[in-house]
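The values are calculated or read from the model by the stated rules, or taken from the named source; none is laboratory data. Everything numeric here is computed off the predicted structure, so don't read it as measured data. Neighbour counts are summed over all protein chains in view; Cβ atoms, including those assigned to glycine, are modelled from backbone coordinates with ideal geometry. Remember, those area values only see protein heavy atoms, side chains included, never the ligands or the DNA or RNA. Shrake-Rupley method; radii C 1.70, N 1.55, O 1.52, S 1.80 Å.
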Amino acid sequence: MSTAPVRLSSWPIPLEPAPRLARAVGLGPDDLWVKRDDLTSFGGGNKVRKLEHLVAAGEAAGATVLVTTGGVQSNHARMTAAAAAQRGLRAVLVLTGEPSAARPGNLALDELFGARVVVCAPGEDAEERMAAVAGQLRAAGEVPAVLPLGGSTPTGARGYLACAAELAEQLPDLQTVVVAVGSGGTMAGLVAGLGAEHVVGVDTGAVPDPEARVHELATALGATPGALRLRRDQVGEGYGVLTAAAAAALRTAARTEGLVLDPVYTAKALAGLVAAVTEGTLRPGGRTVFLHTGGLAGLFGHPYATELAAAALDGA
Ligand SMILES: *Cc1c(COP(=O)(O)O)cnc(C)c1O
């Protein structure tokens, strides 16, 4: 757990003011910043920070191949494939769900980065399949490093301790960071680095027990987290299913700042921020950071992108 991280991107990541978005969501123009973790390497996104630690631990154990899992549009799987390429390792991605016929978005990048993609049968347990794949790799003389969903282990979550330190330096009187919660490691690292009172997580429905996971991971990082500020009101019909509030948030960010969110994570996170302003738990005058965790490739792999393109043509 204490292996030094490998470097997979350029740091620090910029923190940008977002005055037009701030006004649009009911805050003052000087109240809102966006932490651009969508601008990391490998097509952008939060998983790079975790992978710097996970790959370091894997390499220390002699790994020759990274094995991980996620949905067919997993940003984490895509960035794991890229990290493997950059380190001279192989990658096997054990994906769940049904790939759409066009194989768009992250799937196209998985192939480009040279990963082997295994799609689970409906109902098949991804963890068991990863274990089987790892067994086959070992039998073939490889040394697999198996990374869980979202890279959310205590080792991976350490990447967001580093992000918390960047934020504390960039905006010393920061009050609240708002972040999407999937497998929980990102929020956990921020909670461990900044304190639970400074982090609002917006659940996206990726795992059944986000609160327990975040609590456990933050505790493993040495924090005593106390009460987590975790909103579960933006999940809607479930993980990956766009809500009206998230669609509105996507448009608002795009049309006020030229900032592209994704339908699965960051649009729901911004919708959670809007809900917090509406109910008065986030107030004008406080310094709020919206952590942009990436997902652009996922947008292009989501049916919503097709809808948007169709609407653009109708309006021409
Ligand atoms: C994975 C992911 C998240 C969620 O991060 P966790 O650490 O899994 O909670 C948020 N946004 C994007 C774009 C992601 O790919």
If you take the beta carbon distance between L171 and E279 as r and set R0 to 22 Å, what does 1/(1 + (r/R0)^6) give as a FRET efficiency, to the nearest 0.05? 0.40
Report, largest value first, the span of the C-alpha coordinates of the chain along each principal axis, in whole Å. 59, 51, 33
Counting only residues 5 or more apart in sequence or on a different chain, those whose built amide H sits under 5 Å from that of V178 are V200, V289, F290, L291
Quick one: what are the phi-derived ³J(HN,Hα) couplings along the stretch 58-73, Karplus 6.51/-1.76/1.60 with θ = phi - 60°, whole Hz, x for glycine and proline? x, 5, 4, 8, x, 4, 10, 8, 9, 10, 8, 9, x, x, 4, 9
What ³J(HN,Hα) values, in whole Hz, does the Karplus curve 6.51 cos²θ - 1.76 cosθ + 1.60 give for the stretch 167-183 when θ = phi - 60°, with x put for Gly and Pro? 5, 4, 6, 6, 9, x, 9, 4, 9, 9, 10, 9, 9, 5, 10, x, 7
Within the stretch 223-316, report the GluC sites (Glu not before Pro) that DSSP leaves as loop and that have at most 13 other Cβ atoms within 10 Å. E237
Here the stretch 74-131 gives, from Cα atoms, an Rg and Dmax in Å of 11.3, 33
The chain, accessible area per residue, ligands and nucleic acids excluded (1.4 Å, Å²): 41
Label point 7 Å out from L308 along Cα-to-Cβ: which residues of the stretch 224-245 have amide N under 14 Å? 242-243
Residues whose modelled amide H sits under 5 Å from the amide H of L282, counting only those 5 or more places away in sequence or on another chain, are V277
For L230, which sequence-distant residues (separation of 5 or more, or a different chain) have an amide H within less than 5 Å of its own amide H, given hydrogens modelled in the peptide plane? G201
Rounded, prolate or oblate (a/c below 1.5 giving rounded, otherwise prolate when a/b exceeds b/c) for the stretch 47-150 by Cα gyration tensor: oblate
Taking protein heavy atoms only, a 1.4 Å probe, and rounding to whole percent, the accessible area of the chain owed to carbon and sulfur comes out at 55
